[in-house]
Structure formats: C-alpha cells, structure tokens
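As structure tokens, the structure follows; a few thoughts come after it.
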Amino acid sequence: MAKFSKEARARVVEIAARFGLIVELKRNGEDRYDKNLTFAAPGFRAPIYISKTTARDDGTPRCFKVAFHSDEFDPVLADPAAGIREDINRNWGQNRHSSSNYRGYPVMTGNNEPVGKCFEVEDFT
C-alpha cells in the first residue's frame, strides 16, 4: 500500500478535523506512519487510524480503512447507503484487523500484533 498523495492526505485531514479528529505527527512534523494517518479524538483513549486501501489510476484513494480500538468501535456508525460499512477480514471472517502500528490496541492470540475493528469508507467527498 503506497503513501497518501499530498492532495489526498490534506483532504482526509480536512474532513477528519470537521469531526473533531486531530492528526498526530512526529516531533519533526512528519506523519507517524507512512501508510496510516493517526488521529486523536476527544472521548477516545486510543488513536484512530485511517489508511487508504486502494487507489484509482489517477492516484486518488478508492476507499479507506478507519481503525478503532475494539472497545471504542460502534457498529451503529455503519451506513451502507453512505458507503460506510464494517470491514470484515477475509482471513478471520470477522471485523478483526491487525497492524503493528495500532498503539494502545489489544494484542489478540494468533496475531502477535495489536488488533482493532474497522470501517471501510468508500468516498471522501
């Protein structure tokens, strides 16, 4: 998975800010991770991660994976009509996604990495 383009990154940060999410950066001002944007949000104890999962031919993201700590994930936020649905992992058959980047997320047996629950978001206009 490639990095966000500058334009797509700026658009994601702008939209996230409307919902009270604050992008977390390293001390040098760079993103914490190359492929995931990391956000803090009021009321959430663990970061929220946004990554693009695929890109169109022009490099714009086709859809995003938005990861939450499993205790803070609310399936009620899914809205298939708006292009927001739970992201079921093909390997596990459930909403369970692992990444070494997920700080503060629980480590599940069998993964040896932190695990979160995700939404797949189709559009960011």
Report summary line: Mean separation of Cα contacts under 8 Å (at least 6 apart) over the residue count of segment 15-125, i.e. the relative contact order in percent, is 22
Report task. Enumerate the calculated ³J(HN,Hα) couplings along segment 65-79 in order (Karplus 6.51 cos²θ - 1.76 cosθ + 1.60, θ = phi - 60°), each rounded to whole Hz, writing x wherever the residue is Gly or Pro. Result -> 10, 10, 9, 10, 4, 4, 7, 10, 6, 10, x, 5, 6, 5, 8
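Seen from all sides and averaged, what is the projected area of the convex hull of the Cα atoms in the chain, in nm²?
On the way: hull surface 32.7 nm².
Directional mean of the projected Cα hull area for the chain stands at 8.2 nm².
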Query - Built amide H within the under 5 Å cut-off of GLU24, gap 5+ - result: THR38, PHE39, ALA40
Query raised in the report: Which of the listed residues, GLY43, TRP92, MET108, is farthest toward the dipole's positive end in the chain, when Lys, Arg count +1 and Asp, Glu count -1 at the beta-carbon?
Result: MET108
**Report entry** For ASP87, distant residues with modelled amide H under 5 Å away
**Finding:** CYS118, PHE119, GLU120
Requested in this report: Rank these by accessible area, largest first, 1.4 Å probe: THR38, THR109.
Outcome: THR109, THR38
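Rounded to the nearest 20 debye, what is the charge dipole size of the chain about its Cα centre when +1 sits on each Lys and Arg Cβ and -1 on each Asp and Glu Cβ? Don't jump to the answer; show the numbers that get you there.
Details: 19 positive and 18 negative charges, 72 e Å.
Roughly 340 debye, rounded to the nearest 20.
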Report task. Give the long-range amide H neighbours of CYS63: residues separated by 5 or more places, or on another chain, with amide H under 5 Å away, using H modelled in the peptide plane at 1.01 Å from N. Result -> THR53, THR54
Query - Hits among aspartates and glutamates - C-alpha to C-alpha of LYS26 under 15 Å, sequence gap 8 or more where chains match - result: ASP34
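The values are calculated or read from the model by the stated rules, or taken from the named source; none is laboratory data. In this text the structure is predicted, and so the values were computed from the model without any measurement. Here the Cβ is made from the backbone with ideal geometry for all residues, glycine too, and neighbour counts use every protein chain on show. With ligands, DNA and RNA removed, areas are computed over all heavy atoms of the protein, side chains included. Shrake-Rupley method; radii C 1.70, N 1.55, O 1.52, S 1.80 Å.
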